[in-house]
Amino acid sequence: MSLSARNRLSGTVQHVETSGLMAEVVVELDGGETVTAVITSGSADRLGLEAGSAVDAVIKATEVMIDAD
């Protein structure tokens, strides 16, 4: 599948926690950082996500906020 999103972060699923209709997926990136995504439980099932799965976190946003102390 081809996507227009340019921000792709490769990593490995650390943890999937499903609660009702939603699932929280924690991905450890190749550099050791983590990214957390909330997706539907159906999508998590369809993708076969489980700890150890190799995935890409694809980020498509219209806005990025920066905070500085």
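The set of residues in region 6-40 being loosely packed, with under 14 Cβ neighbours inside 10 Å, farther than 18 Å from residue 52 by Cα and aliphatic (A, V, I, L, M) consists of 21 alone. Taking region 30-52 as the range and being of a type in the set (S, T, N, Q) and in contact with a Ser or Thr (Cβ under 7 Å, 6 or more places away or on another chain) as the test, only 41 passes.
Restrict the check to region 5-15 and report whether at least one residue is under 16 Å from residue 60 (Cβ atoms), of a type in the set (Lys, Arg) and not in a loop (DSSP other than H, G, I, E, B). Scanning region 5-15 turns up at least one residue that is under 16 Å from residue 60 (Cβ atoms), of a type in the set (Lys, Arg) and not in a loop (DSSP other than H, G, I, E, B). Condition check for residue 44 on (1) assigned to a loop (DSSP other than H, G, I, E, B); (2) surrounded by 13 or more Cβ atoms within 10 Å (Cβ to Cβ): one failure, at (1).
Restricting attention to region 30-48, and to residues there that are touching a Leu at 6+ places or on another chain (Cβ under 7 Å) and modelled with pLDDT of 95 or more, which single residue is nearest to residue 6 (Cα to Cα)? Taking the candidates together, the pick is 40. In region 53-68, the count of residues that are free of Cβ contacts under 8 Å to residues at least 24 places away in the same chain, part of a loop (DSSP other than H, G, I, E, B) and at positive phi is zero.
Here's the yes/no breakdown for (1) at pLDDT below 95; (2) of a type outside the set (A, V, I, L, M, F, W, C):
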position: 2; (1), (2): yes, yes
position: 15; (1), (2): no, yes
position: 20; (1), (2): no, yes
position: 28; (1), (2): no, yes
position: 50; (1), (2): no, yes
position: 53; (1), (2): no, yes
position: 60; (1), (2): yes, yes
position: 68; (1), (2): yes, no
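The values are calculated or read from the model by the stated rules, or taken from the named source; none is laboratory data. Here the structure is a predicted model, which is why all the values come from computation and not from measurement. Please note: Cβ atoms are built from the backbone with ideal geometry, for glycine as well, and neighbour counts cover all protein chains shown.
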